[in-house]
Each structure stands twice: as C-alpha cells, then as structure tokens.
Amino acid sequence: MASNNTTTTAPQAGVFSGLNPVEFNSSDPVVLFIIQATIILIFCRLIAIPLGYLKQPRVISEVIAGIILGPTVMGRIPGFQETIFPSESLPFINLIATLGLIFFLFQIGLEVDLAVIRRGFYKSLSVAIAGMVLPFGLGAAVSVGLYKLQNRPYVSFSSFLLFLGVTMSITAFPVLARILAELKLLRTNVGAITMASGLINDCTAWVLLALVVALMNSSGGIKALYVFLTAVGFTFFVLFIVRPLYRKLCHYTQSFEHGPSPLLMAATLIIVMISAFVTNILGIHAIFGGFLAGVIVPHENNLSIKITEKIEDIVNIIFLPLYFTLSGLKTQIGLLDSGAVWGYVILIIFLACFGKIIGCAVAAKVCGMTYRESFAVGFLMNCKG
C-alpha cells in the first residue's frame with residue numbers, strides 16, 4: 001500500500017531524488033517553512049516601506065501582509081493557498097511564532113520598571129477598569145441585534161452577550177507592547193501606566209473568557225475563580241520567591257560586573273519557558289509567563305539591556321512577523337457577504353473604539369493626567385487583536 005506523502009521521510013538526495021520543495025511533509029516541515037518564512041518577511045518589509053512614511057508601526061504591515069497572503073487576496077489564486085500555506089502547515093508556523101512572541105514579551109518585561117508601575121498602580125487599575133466597563137456595556141447592547149443575526153438558538157444569549165462584551169473589552173497586550181517598544185515609550189510615564197493597564201485588562205479578559213467557556217459547558221463559574229486565584233498566586237511566587245533567587249544567581253555568576261554569563265542565560269531561558277508553560281496550563285496565555293520572567297530581571301549595571309541584546313534581533317526580525325502575519329492568514333474578509341453583516345462590522349468597530357478610547361481617557365484624566373496624556377493612554381489602550 002502506498003504511503004501518504006505528507007508523512008514520508010524526505011529523499012536523502014533532495015531535489016535530485018525528485019523532492020518537491022513546496023510539498024508539505026510533516027516529518028520534514030522545515031523546507032516549506034523556510035519558503036513560507038521568506039515570503040512573509042519579504043512581504044512585511046515591502047509593505048512597511050510606504051506605511052513607514054505614514055508613521056505606522058511595523059505590526060500594521062505584518063497584519064496587512066497576512067491578509068494579502070491569506071484567503072482574502074492571494075488565496076483566491078488557484079492553488080496558491082494549498083501549495084504555499086496548506087492548512088496542515090500552519091500549526092508549525094504557529095509554534096515558532098508563539099515561541100517568538102513569548103520571548104518578545106520577555107524582552108518587554110525586561111524594560112519594565114516595577115518601581116514606576118508601583119507608583120502609578122492606582123492610575124493603571126482605574127484605566128484598566130474603565131477600559132473594560134464601558135466597552136463591555138456597549139458590547140452587551142449591540143449583542144441583542146447580533147444574536148438575532150447569527151441565528152444560533154443552541155447558543156444561549158447570556159453566553160453570547162458575555163462573550164461579545166469580553167471581546168469588546170480586550171486590549172491586545174502583544175500589539176500594545178509592540179507599539180510601545182517601537183515608539184520608545186516603555187520607560188515613559190504614559191507607557192508604564194498603559195502597559196500595566198493593558199496587562200491587567202488582558203489577564204482579566206482571559207479569566208472572563210474562562211468564565212464564558214465554563215458557562216457554555218454548564219460547569220458553572222467556579223473554574224474562572226480557580227484561574228484567577230492560581231494566576232495571582234503564581235505571580236506572587238515569581239515576584240517574591242523566584243526573583244530573590246534569581247538576583248542571588250546574578251551575584252554568584254558575577255553577571256552584574258561582567259555581563260550575563262552562559263549559566264545565567266541558560267537559567268533565564270529556562271525560567272521564561274517554565275513560566276510560559278505554567279501560565280498556559282493555568283488558562284492564561286503563555287505570553288504572560290514570558291512577561292513575568294522579564295520583570296524579575298534586575299536593572300543594575302544594565303543587566304537587562306545586555307540580556308536583551310543577546311536575543312532581540314532574531315526575535316524581532318524573524319519570529320514576530322510570523323506571529324502577526326499568521327493572524328492575517330487566518331482572516332477571511334470574504335465571509336462578510338451581506339449589507340447587514342457589514343453594517344454590524346462598522347457599528348462594532350465604532351463602538352469598540354469609542355468605548356475603549358473615551359473610557360480610558362476619562363479615567364486617566366480623573367486620575368490627574370493631562371488631556372494630551374489621557375488621550376494618548378486612550379488610543380494606546382484601543383489596540384485590537
């Protein structure tokens with residue numbers, strides 16, 4: 001019986017043995033992956049050139065590149081999607097891209113100053129709450145009409161309302177972190193408050209999402225409470241147990257004086273991966289584990305900067321474009337095929353932006369920030385994913 005081509009081993013003589021480089025083989029996915037990664041990087045860089053003149057961050061070009069390469073545009077070319085981006089190959093891209101995103105959030109954590117976050121914690125908490133309450137209310141209001149449009153009676157309206165409210169309330173933490181990093185705002189007052197607000201917002205959204213799933217599975221909301229409590233407990237464990245031990249390792253390896261040693265780098269990368277693993281199995285995205293691991297690294301003698309320099313290029317240039325392009329590859333704008341659907345798309349975009357910008361800006365202003373700073377916080381918190 002002939003074996004399936006998607007699981008056979010690659011011919012030892014390569015193309016001289018008849019190997020087709022664009023034929024996906026799950027036992028040797030690197031060949032097609034290299035082709036995919038190269039195409040993605042070229043498209044991202046080309047699109048970034050005109051967008052750069054409009055002062056747009058690179059993440060925008062990466063999402064647009066994904067939409068162009070996906071089923072919306074080039075996927076309409078016969079055979080393109082099946083040949084270059086077959087569905088069975090996307091999990092491999094997602095694996096590499098998510099790993100890159102975890103280490104990017106680790107880099108962001110390295111740049112965050114806990115002292116600044118502590119000083120502005122109440123401002124951040126107020127902005128995060130306001131940035132969820134108003135969009136949630138607007139999402140709940142629009143869910144009535146959208147529920148009727150979807151016509152899925154087997155989905156309870158209460159679950160649908162909660163899901164739409166949560167999705168309207170979310171600030172896309174990876175997108176926010178990317179923009180703050182590119183605009184060099186992480187160490188500013190506005191950047192620190194927005195970063196902390198986005199972190200609180202997104203973590204809360206994951207807990208609420210667990211609640212939605214629990215309600216849809218008729219298992220009650222107790223699981224969401226478990227997610228919240230264990231996430232808080234793990235955060236305290238990292239900050240108050242792992243952090244002092246890590247500092248001792250820095251002194252033991254003399255990394256403050258001579259830069260990060262191989263032992264310290266190995267320990268650091270292991271902490272990043274374990275932390276990402278734990279947050280993921282707790283029901284909160286692995287990226288928050290990466291961020292937590294970055295926060296515990298001391299800033300003395302520019303240690304955090306020296307660690308960043310060792311990993312930033314390969315993460316920022318290769319891995320990150322894959323992640324943000326992948327979201328575009330999964331987007332099918334062609335499914336929006338009626339006037340009513342497009343009407344709701346426009347309405348939801350307006351309400352989501354209005355609720356997030358106004359809610360966060362008002363909260364920031366009440367907390368004593370200037371109008372300029374308040375609206376900067378509002379627009380930054382409006383990042384969508």
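What the table shows:
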| quantity | calculated |
| --- | --- |
| Relative contact order (%) - segment 135-210, alpha-carbon pairs under 8 angstrom, separation at least six | 33 percent |
| The chain: C-alpha gyration tensor shape, a/c 1.5 cut-off, then a/b vs b/c | oblate |
| Portion, in percent, of the accessible area of the chain that falls on carbon or sulfur, probe 1.4 Å | 69 percent |
| Rg/Rg_globular for segment 228-305, with Rg_globular taken as 2.2 N^0.38 Å and Rg from C-alpha atoms | 1.11 |
| M74 versus F277: modelled label distance in nm, points set 7 Å from Cα along the beta carbon direction | 3.6 nm |
| E257 - accessible surface, heavy atoms, 1.4 Å probe, Å² rounded to 10 | 110 Å² |
| Rg/Rh ratio calculated on Cα atoms of segment 23-176 (Kirkwood radius) | 1.05 |
| Cα gyration tensor shape for segment 117-229, rounded if a/c is under 1.5, else prolate or oblate | prolate |
| Gaussian network model of the chain, Cα within-10 Å springs - most flexible of K330, K248, K365 | K248 |
| With all protein chains modelled, accessible area of D113 [1.4 Å, Å²] | 70 Å² |
| For segment 328-385: rounded, prolate or oblate by the Cα gyration tensor [a/c cutoff 1.5] | prolate |
| Most mobile listed residue (N301, N94, N201) in the chain, GNM with C-alpha springs under 10 Å | N301 |
| Rel. contact order, % - alpha carbon contacts under 8 angstrom, at least six apart, the chain | 28 percent |
| Length released on extending from K384 to N301, taking residue separation times 0.36 nm less the Cα-Cα span | 26.3 nm |
| Of the DSSP H helices in the chain, those whose Cα atoms cover at least 24 Å axially and whose Kyte score averages -0.5 or more | 30-53, 90-111, 121-150, 189-216, 262-281, 339-366 |
| Reachable lysines from K365, criterion Cα separation under 22 angstrom, eight or more residues apart if same chain | K123, K356 |
| Among T235, T83, T171: highest mean-square fluctuation, GNM of the chain, C-alpha pairs under 10 Å | T83 |
| Per-residue SASA entry for W342, accessible area with 1.4 Å probe, Å² rounded to 10 | 110 Å² |
| Modelled FRET efficiency - R0 22 Å, L125 with L183, Cβ distances, 0.05 increments | 0.40 |
| Computed label-point distance, nm, for sites K310 and E82 using a 7 Å Cα→Cβ extension | 4.7 nm |
| Relative compactness, segment 196-349, computed as alpha-carbon Rg over 2.2 N^0.38 Å | 1.35 |
| Kirkwood-based Rg to Rh ratio, segment 69-141, C-alpha trace | 1.23 |
| R0 of 25 Å, Cβ-Cβ distance I96-S261: FRET efficiency to nearest 0.05 | 0.35 |
| Cα-based radius of gyration of segment 184-283 once divided by 2.2 N^0.38 Å, which approximates compact folds | 1.39 |
| Å² of accessible area per residue within the chain, as computed with a 1.4 Å probe and no ligands counted | 50 Å² |
| Inter-label distance, nm, simple model (7 Å from Cα along the C-beta direction), L54/L347 | 2.7 nm |
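The values are calculated or read from the model by the stated rules, or taken from the named source; none is laboratory data. Here the structure is a predicted model, which is why all the values come from computation and not from measurement. Note that each Cβ is placed from the backbone with ideal geometry, even for glycine, and that neighbours are counted across all protein chains shown. Accessible surface areas use protein heavy atoms only, side chains included; no ligands, DNA or RNA. Shrake-Rupley method; radii C 1.70, N 1.55, O 1.52, S 1.80 Å.
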